[in-house]
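> So that we are looking at the same thing, I have put the structure below in structure tokens.
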Amino acid sequence: METEPNDDHQNADPMNFGEEIDGELGYSSDKDWYKISVPGAGMLTIKGILSGEEDESEWRIHLYRAGEYSSSSPEWVMGHRWWGNRTNTFALGEAGTYYVKVFAYPDKHINSTYKLTPSFELGLSGLETEPNDDHQNADAMNFGEEIEGQLTFSSDKDWFKVNVSGAGMLTIKGEFSGKKDESEWTIAVYQAGK
């Protein structure tokens with residue numbers, strides 16, 4: 001059960017795998033924060049139940065990582081729009097404490113309750129992890145192994161790193177959704193230390 005006040009990460013309620021949490025956003029600027037610890041790299045899944053429909057009463061569920069840069073300002077990982085019954089996953093690259101923030105924009109808020117149930121699967125294979133928005137947090141890329149990724153929002157960037165043994169040709173084969181001039185993306189290669 002959610003408790004108040006939990007409007008910031010310092011007062012976040014604990015969240016445990018497999019345990020359902022009942023919460024409520026009682027007013028338009030209300031925010032509910034939760035904290036959960038993961039034992040290693042893996043997939044965090046949050047199953048949610050919320051009344052309402054898309055574009056009418058949708059909320060946001062965002063994930064933050066604790067302690068990487070400042071304990072007073074946790075690092076944003078990624079977020080999802082939420083309405084109805086939904087399940088969303090977060091690929092996490094390391095063990096640690098993470099925060100879950102539930103909120104709504106004022107024009108999308110309704111006074112209703114929600115239910116959240118987290119689960120976690122240890123281990124990642126071929127998946128981009130967040131955060132990897134800069135070269136310091138780049139995901140490892142191995143020759144011959146496919147990586148699946150997603151640019152979740154317009155300013156999102158995904159960084160990867162690969163080691164080469166000497167001079168030669170690096171080939172990257174990619175598959176992207178969308179059409180030319182509608183959703184084309186850019187892939188750039190940088191040399192470390194240059």
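> If one computes the Cα centroid of the range 10-32 and of the range 144-194, what distance in Å separates the two points?
Between the Cα centre of the range 10-32 and that of the range 144-194, the gap is 36 Å.
> Sort out the exposed loop chymotrypsin sites (Phe, Trp or Tyr not before Pro) in the chain (DSSP loop, at most 12 other Cβ within 10 Å) and tell me the longest stretch that has none. Don't jump to the answer; show the numbers that get you there.
Details: sites that count: TYR27, TYR69, PHE143, PHE153, PHE176, TRP185, TYR190.
Here the longest run is 70-142.
> Within the chain, what whole-number % of the accessible surface is contributed by carbon and sulfur, with the 1.4 Å probe and all protein chains included in the calculation?
Details: 5730 of 12160 Å².
Roughly 47 percent of what the probe reaches on the chain is carbon or sulfur.
> Rounded to the nearest whole Å², what accessible area per residue is found for the range 63-194 with the 1.4 Å probe?
Values: 9140 Å² over 132 residues.
Normalised by residue count, the accessible surface of the range 63-194 is 69 Å².
> Run the numbers on the chain and let me know its relative contact order in percent, using alpha-carbon pairs under 8 Å that are six or more apart.
With pairs under 8 Å counted, the relative contact order is 23 percent.
> Could you derive backbone 3J(HN,Hα) for the range 173-183 from the dihedral phi with the Karplus parameters 6.51, -1.76 and 1.60 (θ = phi - 60°), listing whole Hz in sequence and x where the residue is Gly or Pro?
The phi angles translate into 9, x, 10, 10, 6, x, 10, 4, 6, 10, 9 Hz.
> Let me ask something else. Of LYS31/LYS115; LYS35/LYS115; LYS115/LYS157; LYS157/LYS179, which ones are farther than 26 Å apart at the Cα?
Numbers: LYS31/LYS115 15 Å; LYS35/LYS115 15 Å; LYS115/LYS157 31 Å; LYS157/LYS179 19 Å.
Check vs 26 Å cut-off fails for LYS115/LYS157.
> Which residue, GLU184, GLU148, GLU19, has the most motion in a Gaussian network model of the chain that connects Cα atoms within less than 10 Å?
Residue with maximal mean-square fluctuation among GLU184, GLU148, GLU19: GLU184.
The values are calculated or read from the model by the stated rules, or taken from the named source; none is laboratory data. Predicted model, so just to flag it, every value in this text is computed and none were measured. Ideal geometry is used to build each Cβ from the backbone, glycine not excepted, and the neighbour counts take in all protein chains shown. Just the protein is used for accessible areas: all its heavy atoms, side chains included, with ligands, DNA and RNA removed. Shrake-Rupley method; radii C 1.70, N 1.55, O 1.52, S 1.80 Å.
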